[in-house]
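For reference, the structure is listed below as structure tokens.
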Amino acid sequence: EKSGYDHFMLKEIFQQDESIYEAMRGRINAAEGWVTVGGMQDHYNRIANAERFIIVACGTSWHAGMIAEYIFEELARIPVEVEYASEFRYRNPIIGPKDVVIALSQSGETADTLSALELAKEKGALIYGIVNNVGSSIARFTDCGSYIHAGPEIGVASTKAFTSQLVVLTLMALDLAHKRGTITKSHFQKLISEFELIPQKVKSVLSQAENIKSIASEIKSASNALYLGRGYNFPIALEGALKLKEISYIHAEGYPAAEMKHGPIALIDMYMPVIVIATNKNAYEKIFSNVQEVKARKGIVIAIVSEGDTEIKKIADFTIEIPHTEDVFSPLLSSIPLQLLAYYIAVMRGCNVDQPRNLAKSVTVE
Ligand code: F6R
């Protein structure tokens, strides 16, 4: 049931403080100083000593995988490749018993992802599943894995499953980093203490829904939109653009902010909304100058910034402030305003947000 919300998608967006907590529950305890991901235990040595992680997924789940690449490499120093499941299986990939293949799937029924796993298993890789739907085909096929415990996701556009996937991937990276000794004890402790605060911070992001709705009404008639982010926020730009496309039917593209000058900058004029995810503590100056470049061409800048920001706020047309956090956790906060922005724009344009045209919740054909 929609529990008083107009759509399942809105309900699922607003559930994220709880669903994120559910993904963490029993897997982290900052007071006692530990993180443990149960699904890794039976094959721990093989996972911790893997030569490579290969993440396979489609759509929004693939975006979660892109962020995981940054997180695993930064914290656990394990090389990661992220593949579209459909591309991976058709190109005779180099893969063997020292690789761990991680499948990300909300439904657990995505045909391309399942076929990629069949190929990887044949070649001897260990298969790890991060799935929402309990007992689904992918969950049954894997050697080991973790459920994300997001609860049923009814809206076709994935929202809460995405943030819960990120939580499990981050916990895996923290667990591995701690045990492999790739981060110091004090850094580990600092990170896990901050991670436990995320559900509360998500609540604070959600409390800005009215501001986001009013921004939506300003840009709802656009025909195109550009999303820009750097580092951890680059995949969030891709995901923000996908959300807008699939439910509002506005053409949107996500780009790494610095790539803008290599092409997309030609598109910018007074009719182009540019959504900049600018919460990065690293590279703040760079993203500030990207915003200046957009403003110099009269683009409409909607900036997602950290609380208390002054510089970008001065030049952006609209800003959405989110609580400070460590850069590695920022996607969990910065993705939420983009979900809400897409939702409100789609509703204002009269679209069927829970069941967008041409889309199905599980894609069981290849
Ligand atoms: C986008 C969306 C799709 C799915 C994709 C993979 O909002 O929902 O892009 O993310 O079809 O689905 P799962 O995660 O079920 O394998």
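The values are calculated or read from the model by the stated rules, or taken from the named source; none is laboratory data. Source: prediction; values computed, not measured. Cβ atoms come from the backbone with ideal geometry, glycine included; neighbour counts cover every protein chain shown. Side chains included, ligands, DNA and RNA excluded: accessible areas come from the protein's heavy atoms. Shrake-Rupley method; radii C 1.70, N 1.55, O 1.52, S 1.80 Å.
Checking each residue in the stretch 55-79 for being open to solvent by less than 10 Å² (accessible area, probe 1.4 Å), in contact with a strand residue (DSSP E or B) (Cβ under 6 Å, 6 or more places away or on another chain) and more than 16 Å from the ligand (Cβ to nearest atom) picks out PHE72, ILE78.
So for the stretch 160-168 (the condition being under 18 Å from the mean Cα position of the chain (by Cα), within 10 Å of the ligand (Cβ to nearest atom), more than 18 Å from ILE198 (Cβ to Cβ) and modelled with pLDDT of 95 or more), does at least one residue qualify? Walk me through how you get there before you give the answer.
Within the stretch 160-168, the subset under 18 Å from the mean Cα position of the chain (by Cα) is 160-168.
Okay, now just the ones that are also within 10 Å of the ligand (Cβ to nearest atom), so 161-162, 165.
Filter again for more than 18 Å from ILE198 (Cβ to Cβ), leaving none.
For the stretch 160-168, residues under 18 Å from the mean Cα position of the chain (by Cα), within 10 Å of the ligand (Cβ to nearest atom), more than 18 Å from ILE198 (Cβ to Cβ) and modelled with pLDDT of 95 or more: absent.
Beta carbons closer than 6 Å, at least 6 apart along the sequence or on distinct chains, pair a first residue in the stretch 241-266 that is farther than 15 Å from ALA157 by Cα with a second that is open to solvent by 40 Å² or more (accessible area, probe 1.4 Å) and charged (D, E, K, R) for ALA252/LYS245; ALA257/ARG230. Take the conditions (1) among the polar types (S, T, N, Q); (2) out of contact with any Gly (no Cβ under 7 Å at 6 or more places or on another chain); (3) within 14 Å of the ligand (Cβ to nearest atom); ASN92 misses just one of them, which is (3).
Can you tell me which residue within the stretch 337-366, out of those that are without any contact (Cβ under 8 Å) to a residue 60 or more places away in the chain and within 15 Å of the ligand (Cβ to nearest atom), is surrounded by the most Cβ atoms within 10 Å (Cβ to Cβ)? It would help to see each step written out before you state the result.
Our first condition is that a residue be without any contact (Cβ under 8 Å) to a residue 60 or more places away in the chain; within the stretch 337-366, this holds for 350, 352, 358.
Subsequent filtering for residues that are within 15 Å of the ligand (Cβ to nearest atom) retains 352, 358.
Values: ASN352: 12, ASN358: 6.
Among those that are without any contact (Cβ under 8 Å) to a residue 60 or more places away in the chain and within 15 Å of the ligand (Cβ to nearest atom), it is ASN352.
The test for being more than 26 Å from GLY65 (Cβ to Cβ), modelled with pLDDT of 95 or more and small (Gly, Ala, Ser) holds for SER217.
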